[in-house]
Each structure stands twice: as C-alpha cells, then as structure tokens.
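The values are calculated or read from the model by the stated rules, or taken from the named source; none is laboratory data. In this text the structure is predicted, and so the values were computed from the model without any measurement. As a convention, Cβ positions derive from the backbone with ideal geometry for all residues, glycine included, and neighbour counts pool all protein chains shown.
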Amino acid sequence: MKYLALLLFGILLVSCKKEASQDNAVTVSIDTAFAEVETPVADNRQTSDLEKLVAEFSRLRDETRLKLSSLKPEEASALFDAYETKNNEIIGRLNILEGKLLEDFHAHFYDRNGDPAKLHDTIQYKKDLLGKAGLEFWHIGEGMGEIRAKNDYYLKMFRDHVTPDYKRFLMLQSADDSDLWSADAGIAITWEQLSQRVINWENFVLKYPESKLYARAAANYHMYRYSYLFGQDNTPTYEHEGNTLYPEIVDEYNRFIKKHPTSPTAKIVKQMLDNSGNIGFKSIREQENAEFQKAYDGFYGEE
C-alpha cells in the first residue's frame, strides 16, 4: 500500500513534487539558477567518485549562498525549491554510489550490542568528507541507512531569506529530522512526541493554505496523524480483533483532548474513544485512510 511506502521512507526523501501553480508566483528555473555550476569536476585519477559528487554538492551550496544575499523573500523561497531539487539529484547519486554500504549499514556502524562501533578508516574518511559538506550517514531502520543533508542544513541557509511559510516549514522539518520517528515497522518516539508533530503540521496547513509548500506539509500532517491514531505494525494503538484501544492509548488521547481541545485532530481522537470496541471504529479508520491517501496523492501524484 502507498501509505506503507510513505511511512518507511519519510517525506524528506521526495524530490518529485506536484504543486499547483499560483498567481504571481515567483519561479526559478533550475537550469538558469545553477547553470554556472554544471561544469564537471576536472578528471583526476586521485579523486574518487564520492569526492567528485561531494565537491559538486559543495559548489552548488556556495553558489546558492551568493545568490541568496541579493534576493527578495519570494525569490529566495523559489530558489530553495530549485536548490533542493538539484541537491536531491546529487544526494540520490551518492546513495546509489554507496548502495552496498548503506544496505548493510548496521553491520558497519554498530556493534553486536547495538552501540556505535569504531568505524573502519575508509568509512570514517567518507563520514568526515560528507560531514564537511553538510551531509551525513543516517540510519533508517531494517539495518539500512542513507546519505542525507543534515537535519538543519536548509534551515541554517535559508531561514533569514525566505517568506514566513517557508521559514516555518524549514523549522518544523529540521526539528522532525533530528530524530528517527519510525523504524522497523514501529513508532520510535513517544506518543506524546508524535502528537506534537501532528499539531505542528496541523497548525501549518491551517495557517498557510495558500503556501506552495501546502501539499508537502499536508502529506506530513496526515502521515503523522494516521500513525498517531492507528499506530504501525509493531506499535499499534488498538487490539485488532476487537478494535479496542489499549489503556495507555486511551490515557494519551485524553491528555491530547485536554491540551488541544479545538484541534481538528482532537475531534477524531474523541470519535476513536467513543467507538473503541465497536463497529464505528472501522469506519473511522477507513475515513482516515482515505484522507491520508488524498494527501499522499496531492504531493506524490497518483500512481
């Protein structure tokens, strides 16, 4: 199912955006914005493919910083869109290049006890090389890893230049990406922490319905909300045979309603409590799954 793929990989990995055009929107062509950095790295037998890609990533970063200093907020926001797309292309190539290492990530980066291991010199060199450019190895669960931009990479670069909606989006995304929230088919943070992510993105979509980032934010919102309501395979919120909420979830939902009484999610949570153990529970789950699917398709596009 589509929602399983979204829960596994997370919203930050997506580079293919489907966004509605807006009147008077500022757009920045990728080809135009980064034309001067398309020159390939000079061939050097002493330079590895990884070093070449990291150098390309770094040059793009430096060129972008120079551009930002002279742009208006709307232009800076448009530049972020183009820059992130181009970055995702480079990061995708890095992940392909280091695919073998990333597939067996846990064996290289952790010991038998699950603690960080002393890295082999070659891997340590790669880690340091990526780190200097603002990139990092990141564990994504199931023993696998990825290469990604550090969680606050875009926030640090763009927060003083972009429009308020973009700044808020980057703040939320940076905070979310500081922790692995879902791994190995289960929630990896507390229910209360997950509920705060729900509220954060709910507030964003309510405050910025016209933002170019709306579809992306809505996908985040419904991804977190669906997991908060129904859990994941290894951390469900209810007993499946009887559709009965677990006692600790009942306590959490009551806490949520008390803290966020006017939240649209609180309304759904109350329905969950009222219908725990009866046939109405299934209808709520089906409705929320449909909402999740709609938000997913709104950002990813229908398959």
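The table that follows gives values for the structure above.
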item: Residues satisfying the stated conditions in segment 106-132, i.e. assigned to a loop (DSSP other than H, G, I, E, B) and either without any contact (Cβ under 8 Å) to a residue 12 or more places away in the chain or in the same structural domain as Ala183 (by TED's automatic domain parsing) (or both); result: Asp111, Arg112, Asn113, Gly114, Asp115, Ala117, Lys118, Leu119
item: Candidates Phe137, Phe158, filtered to the one that is of a type outside the set (Gly, Ala, Ser) and under 26 Å from Ala185 (Cα atoms); result: Phe137
item: Residue within segment 75-92 that is of a type in the set (Ser, Thr, Tyr) and over 20 Å from the mean Cα position of the chain (by Cα) present; result: no
item: Segment 260-271 residues that are not assigned by TED's automatic domain parsing to the domain that holds Arg225 and among the small types (Gly, Ala, Ser), paired with ones that are assigned to a loop (DSSP other than H, G, I, E, B) and surrounded by 13 or more Cβ atoms within 10 Å (Cβ to Cβ) (beta carbon under 6 Å, 6 or more apart); result: none
item: Residue in segment 210-224 that is surrounded by fewer than 19 Cβ atoms within 10 Å (Cβ to Cβ), in the same structural domain as Tyr296 (by TED's automatic domain parsing), among the polar types (S, T, N, Q) and without any contact (Cβ under 8 Å) to a residue 60 or more places away in the chain present; result: no
item: Residues located in segment 272-283, provided they are without any contact (Cβ under 8 Å) to a residue 40 or more places away in the chain, surrounded by 13 or more Cβ atoms within 10 Å (Cβ to Cβ) and part of a helix (DSSP H, G or I); result: Leu273, Asn275, Gly280
item: Residue within segment 136-146 that is buried (at least 16 other Cβ atoms within 10 Å of the Cβ), outside the structural domain of Asp184 (by TED's automatic domain parsing) and assigned to a helix (DSSP H, G or I) present; result: no
item: Criterion (more than 25 Å from Ile91 (Cα to Cα), in contact with a Phe, Trp or Tyr (Cβ under 7 Å, 6 or more places away or on another chain) and at pLDDT 95 or above) met by exactly one of Glu192, Glu146, Glu202, Glu210; result: Glu202
item: Unmet requirement for Lys156, which otherwise passes all of (1) in the same structural domain as Ser70 (by TED's automatic domain parsing); (2) surrounded by fewer than 18 Cβ atoms within 10 Å (Cβ to Cβ); (3) not in a helix (DSSP H, G or I); result: (3)
item: Residues of segment 184-208 that turn out to be closer than 16 Å to Met171 by Cβ and in a loop (DSSP other than H, G, I, E, B), as a count; result: 1
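Conditions (1) out of contact with any helix residue (DSSP H, G or I) (no Cβ under 6 Å at 6 or more places or on another chain); (2) at pLDDT 95 or above; (3) surrounded by 12 or more Cβ atoms within 10 Å (Cβ to Cβ); (4) within 22 Å of Ile187 (Cα to Cα), marked per residue:
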{"site": "Asn243", "(1), (2), (3), (4)": "no, no, yes, yes"}
{"site": "Asn254", "(1), (2), (3), (4)": "yes, yes, yes, yes"}
{"site": "Pro261", "(1), (2), (3), (4)": "yes, yes, no, no"}
{"site": "Ile268", "(1), (2), (3), (4)": "yes, yes, yes, yes"}
